[in-house]
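Structure, as structure tokens:
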Amino acid sequence: NITYTAEYAMSYIINDELILEDENCVFTITQIEDGLLGTKIYLSFENKTTDKDLMFTWDNVSVNGYMVSAYFAEEVTAGNKANDTVTIYDLEEINISSIDLLEFNLRVYDSNNWSADDLVDSVFKVYPTGISPLEIAIPERRTTEDEIVIFDNEVGTFVILAYEVSSSGEIKLEYYIENRHDGNLMFTWRDVSVNSYLIDPYFATVVAKDKREYGEITFSESRMEELDFESIEEIEFSFVAYDEDDWSADNVIEQIYAIYPTGMTKETVVYPDRLSTTTEDIIFENDQFSFIILSSGFTEFGDFEINYYIENKTSDMDLMFSWHDVSVNNYMFDIYFAKSLISGRRAYGSITFYDYKLDQNSITSIDEIEFELKVYDYNDWLSDPLLKTVFTYNPEE
């Protein structure tokens, strides 16, 4: 067993430091201490109003210039006080031994009236060790032998520090990101593909102005297994960054990038062939796109599911695939299917006919599905569709 003793803890001088007090509320950091599981920040706050329930929350929390995960949100009824504790984990992983600068955006608002202006919405800085602002040292980012610098410019920096594939096929990318823009930025990936097949891992993070962050992007193990890739030759993605506080503003970054983990290039990579089935039905295929139904059947929950493959073979056009006027056994069926696919990408997916809708029409078996397949330029909705045709699909027994 590991015993945690005081000799490993940082001595913080902070003691009941008043962060904010006005006619509506009080917010205080009472103490900060290191512990076995992380650094604990003790908070005390008060709702001074007589007629409002107030929500206290903070976001964009950073330590010594690096974004950290430190969730805090607490509601306090009128005239009452509360205490809470926030724990910051794994500071040593970003080469931080003590919290010399704690920075956060504090919001206080009427929890019953979201349309009202915030009572507080301000950034605060706290110096728990007593070091002056001029003495704060922001740790340099770590470097790796195989790192890939995606971009490094006046807006910021994005680096893939490490690429790892587990024995089961899960992909994990470790990244470093830095915001040099003049405001808080949301960084996200869109239209992500592996070996040209669309597969969207979740990646969206806010990095405050002049701050840095380490993080991970994970591609699910089950998704990799479904695609049955022998190796990962290419990961391509659209990198987008925009002002978190002004969604109407133009994107600061919107650029397609690609990385080649095995050392190949765009010219040498060979994309895997699509999966095929004995029951597949090629609905439409030409030199611009494909729409193929691979299989179909009832699920354990009673829904009917169609599994499809689509491909955009164009080199300069983003396509939208959609279904309209769908009927099942001659009964009109309200179903939504619309899928965009940028040039050169492929995707697998499913279309679900829910059991409760089938029950409404007393449909227990499906003999025929009729639909209009429409394919058009996603960026020019006024142009003529590339395809607008009615098809009939007869599921095999």
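Values in this text are rule-based calculations from the coordinates and carry no lab data. Because the structure is predicted, anything quoted here is derived from the model rather than measured. Cβ: placed from backbone, ideal geometry, glycine included. Neighbour counts: every protein chain shown.
Each Lys and Arg contributes +1 and each Asp and Glu -1, all at the Cβ; summed about the Cα centre of region 1-126, the dipole is approximately 140 debye. Per-residue extension of 0.36 nm, minus the Cα-Cα distance of E285 and S115, leaves a gain of 56.1 nm for this segment.
When you restrict to C-alpha pairs under 8 Å that are six or more residues apart and normalise by the size of the chain, the relative contact order lands at 9 percent.
The Cβ shell under 14 Å around K388 holds other residues with a net charge of -3, Lys and Arg each +1, Asp and Glu each -1. Rounded, prolate or oblate, given the Cα gyration tensor of region 122-271, with a/c below 1.5 counting as rounded? Taking the square roots of the gyration eigenvalues as a ≥ b ≥ c, region 122-271 is prolate. For each pair in K357/K388; K172/K209; K40/K125; K313/K388; K40/K209, compute the distance between the two Cα atoms and list the pairs where it is over 21 Å. From K357/K388; K172/K209; K40/K125; K313/K388; K40/K209, over 21 Å: K357/K388; K172/K209; K40/K209. Placing +1 on each Lys and Arg Cβ and -1 on each Asp and Glu Cβ, with no other charges, gives region 16-57 a dipole about its Cα centre of roughly 160 debye. Once Rg and Dmax of the Cα atoms in Å is calculated for the structure shown, the corresponding label among [x] 21.5, 66; [y] 23.7, 82; [z] 26.8, 77 turns out to be [z]. Considering only F237, N64, Q288, the residue lying farthest towards the positive end of the dipole of the chain is N64, judged by Cα position with unit charges set on Cβ. Count Lys and Arg as plus one, Asp and Glu as minus one, and take only other residues whose Cβ is under 13 Å from that of Y176; the net charge is then -4. Here region 113-180 is treated with +1 on each Lys and Arg Cβ and -1 on each Asp and Glu Cβ, and its dipole about the Cα centre works out to around 160 debye.
Considering helices alone, the calculated mean residue ellipticity of the chain at 222 nm is -1000 deg cm²/dmol, with DSSP H runs of length four and up weighted by -39500 (n - 2.57) and normalised per residue. Projected over all directions and averaged, the alpha-carbon convex hull of region 216-373 occupies 13.2 nm². Within the shell defined by Cβ-Cβ distances under 14 Å, the residues around E74 carry a net charge of -3, with Lys and Arg each +1 and Asp and Glu each -1. Annotation for region 155-172 versus region 21-62: alpha-carbon center distance of 36 Å.
The share of C-alpha pairs in region 1-158 whose separation exceeds 30 Å stands at 27 percent. Projecting the Cα atoms of Y127, A162, P139 onto the charge dipole of region 89-223 (Cβ charges, centred on the Cα centre) puts Y127 farthest toward the positive pole. Of the residues L20, T389, F333, the one whose Cα sits farthest toward the positive end of the charge dipole of the chain, with +1 on the Cβ of Lys and Arg and -1 on the Cβ of Asp and Glu, is L20. Each part reduced to its alpha carbon centroid, region 67-142 and region 265-303 end up 49 Å apart.
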